[in-house]
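Here the structure is laid out as structure tokens; the discussion comes afterwards.
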Amino acid sequence: MSKSTVLNAIHRARGARMVDFGGWDMPLNYGSQIDEHHLVRRDAGLFDVSHMTVVDLRGEQVRPFLRKLVANSVDKLKAPGKALYACMLNEAGGVIDDLIVYFMAESWFRVVVNAATRDKDLPWIEAQAKPFGVTVQERPELSMIAVQGPNARAKFASLLTADASAAVLGLSRFGAVEVAGAAIAGAPGGVSAAASFGGPLFVARTGYTGEDGFEVIVPEADAVALWEALERAGVGPAGLGARDTLRLEAGMALYGQDMDETVSPLEAGLAWTVAFDEGRDFNGRSALEAQKAAGVPRQTIGLVMDEKGVLRHGQPVHTASGVGEILSGTFSPSLGRSIALARVPAGDVGAVEVDIRGKRVRVRVVNYPFVREGKAQPGVLA
Amino acid sequence: MSTVPADLKFMKSHEWVRADGGNRYTVGISDHAQAALGDLVYVELPSEGDEVSQGAGCAVVESVKAASDVYAPLSGKVVAVNAALADAPETINAEPYGKGWMFVIEAADPAQLDGLLAADAYAATLDG
């Protein structure tokens with residue numbers, strides 16, 4: 001039996017095609033995932049991401065704990081209200097999960113982890129937290145709504161009182177702020193059932209689409225009212241199908257498909273998320289250092305196919321350095337052709353071909369992200 | 001929910017067949033199939049003149065989500081293909097039983113039609 005978010009009935013009322021995703025009954029699309037993709041690239045789209053797991057970490061030793069737990073350095077988070085993308089590694093340097101860390105206060109950090117990995121993440125985090133005296137509190141009573149697209153910030157802010165609007169529009173990238181529920185309940189465009197809107201709203205300028213926008217964490221009891229207010233403000237719903245094509249165009253990894261516990265972040269194209277800062281003994285550090293010293297055996301590359309067809313997970317990839325496989329592959333609605341991430345042996349890959357149902361098709365190796373803020377990146381469209 | 005046109009015959013694998021007279025049969029995929037696949041982005045059709053055999057793959061429809069074989073519901077010769085689908089595969093999403101038709105077979109053995117599902121029997125396979 002799949003779990004449902006509090007927005008489940010709204011998805012169904014909007015005609016969503018529902019699928020199981022990480023044990024959750026979630027909307028795949030509301031008719032056309034390509035239309036929803038373009039909506040986010042060109043205007044503003046609304047995603048229910050309440051299946052994601054919000055975990056609050058509290059205690060005097062939270063920062064030292066996170067220095068050990070994740071491979072990116074939480075010391076980059078200098079001011080409260082800043083967020084960091086990071087991988088949580090095991091001792092072998094494999095990726096247990098990827099997550100976002102929000103610095104709320106010196107004794108309170110919030111992390112958001114994947115739904116599909118929740119059951120292994122929580123025991124791991126709890127075990128790691130114990131020596132630091134850090135409490136680990138899951139927040140299942142919080143919902144999460146992502147508003148993404150070039151007009152997303154303005155449309156969301158239009159629901160807020162002047163002060164709150166200024167606060168969220170003043171956020172820099174990866175910045176977050178909490179605003180009182182009254183900021184939306186009392187505003188002219190906001191939630192009409194003012195008395196019933198509790199809040200607060202946690203608003204972060206983050207996302208998984210390659211567009212500007214916010215991810216909003218809201219009490220479950222307020223999620224439907226917020227969703228409907230955003231629809232009235234002209235933001236249309238978008239499903240997991242569009243979310244997947246948007247994030248892959250943006251070159252963002254999907255846990256379980258692009259990396260897992262058998263892959264190090266250095267092999268997953270995530271070396272930029274690993275901080276080898278002096279003297280910080282994070283989980284997996286010695287394994288990663290050994291891998292670097294010996295030579296990282298595999299690499300993740302971006303592929304574009306100019307011929308018809310769609311690159312898909314598991315297809316063999318033939319390169320001069322050996323055979324690998326497609327990790328995430330899809331049709332890119334923004335580019336009108338197929339794109340993929342592939343893991344192949346290290347070295348000069350030369351000319352690359354993908355085996356698509358028995359037929360070898362030439363593909364081009366390109367730097368990714370493929371698309372950023374509505375624009376194809378240099379070299380992607382040859 | 002989708003309605004299944006009563007004048008068509010179906011395969012369990014969601015292809016439909018319409019008798020056009022003169023031993024010609026038009027083939028497409030059902031509304032249920034297009035909805036399950038989602039937005040189509042490529043269609044690979046047989047060529048005119050190809051011989052196809054019942055139950056064998058002779059076309060491919062590819063959506064953002066998945067690639068799926070289309071099986072020949074009848075044996076025979078392909079005498080027409082819907083070339084417009086190459087530039088507008090989404091026509092199948094919009095009108096699976098109309099402008100989204102895929103190809104026409106001149107049947108070698110029209111009696112094979114009797115082995116296909118009537119509309120109500122096909123509709124019954126979609127429940128539950």
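The values are calculated or read from the model by the stated rules, or taken from the named source; none is laboratory data. Here the structure is a predicted model, which is why all the values come from computation and not from measurement. Reconstructed Cβ throughout: ideal geometry from the backbone, glycine too, with neighbour counts over all protein chains shown.
The table for this structure:
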| item | result |
| --- | --- |
| Residue list for region B:1-38, restricted to those being modelled with pLDDT under 95, surrounded by 14 or more Cβ atoms within 10 Å (Cβ to Cβ) and among the β-branched types (Val, Ile, Thr) | B:VAL4 |
| Selection from region A:1-27 of residues that are within 14 Å of A:SER50 (Cα to Cα), hydrophobic (A, V, I, L, M, F, W, C) and part of a strand (DSSP E or B) | A:PHE21, A:TRP24, A:MET26 |
| Matching residues in region B:76-87 - criterion: being assigned to a loop (DSSP other than H, G, I, E, B) and modelled with pLDDT under 95 | B:ASP87 |
| Close pairs (6 angstrom Cβ cut-off, 6 or more residues apart or separate chains): surrounded by fewer than 21 Cβ atoms within 10 Å (Cβ to Cβ) in region A:214-231, part of a strand (DSSP E or B) anywhere | A:GLU220/A:SER143 |
| Region A:312-323, residues that are under 8 Å from A:VAL354 (Cα atoms) and not in a strand (DSSP E or B) | A:GLN315 |
| Residue in region B:29-40 that is among the β-branched types (Val, Ile, Thr) and more than 14 Å from the chain's Cα centre (by Cα) present | no |
| All positions within region A:338-365 that are crowded, with 20+ Cβ neighbours inside 10 Å and either farther than 10 Å from A:HIS318 by Cβ or in contact (Cβ under 8 Å) with a residue 60 or more places away in the chain (or both) | A:SER338, A:ILE339, A:ALA340, A:LEU341, A:ALA342, A:ILE356, A:VAL363 |
| Criterion (under 24 Å from B:LEU40 (Cβ atoms), polar (S, T, N, Q) and either in contact with a strand residue (DSSP E or B) (Cβ under 8 Å, 6 or more places away or on another chain) or surrounded by fewer than 22 Cβ atoms within 10 Å (Cβ to Cβ) (or both)) met by exactly one of A:GLN315, A:GLN377, A:GLN299 | A:GLN315 |
| Filter result for the condition that a residue is under 23 Å from A:GLY251 (Cα atoms) and touching an Asp or Glu at 6+ places or on another chain (Cβ under 9 Å), over A:GLN291, A:GLN315 | A:GLN315 |
| Test result for A:SER107, touching a residue at least 24 places away in the same chain (Cβ under 8 Å), touching a strand residue (DSSP E or B) at 6+ places or on another chain (Cβ under 9 Å), within 26 Å of A:SER4 (Cβ to Cβ) and among the hydroxyl-bearing types (Ser, Thr, Tyr) | no |
| Near pairs, Cβ below 7 angstrom, 6+ apart or cross-chain, from region A:269-287 (on the phi < 0 side of the Ramachandran plot) to any residue that is crowded, with 19+ Cβ neighbours inside 10 Å and among the polar types (S, T, N, Q) | A:THR273/A:ASN72; A:VAL274/A:ASN72; A:ALA275/A:ASN72 |
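For every residue, the table says whether it meets (1) over 28 Å from A:GLY241 (Cα atoms); (2) away from chain A (no Cβ under 14 Å); (3) under 11 Å from the mean Cα position of the chain (by Cα); (4) not β-branched (Val, Ile, Thr).
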residue: B:ARG24; (1), (2), (3), (4): yes, yes, no, yes
residue: B:VAL60; (1), (2), (3), (4): no, no, yes, no
residue: B:PRO89; (1), (2), (3), (4): no, no, no, yes
residue: B:ILE92; (1), (2), (3), (4): no, no, yes, no
residue: B:ASP127; (1), (2), (3), (4): no, yes, no, yes
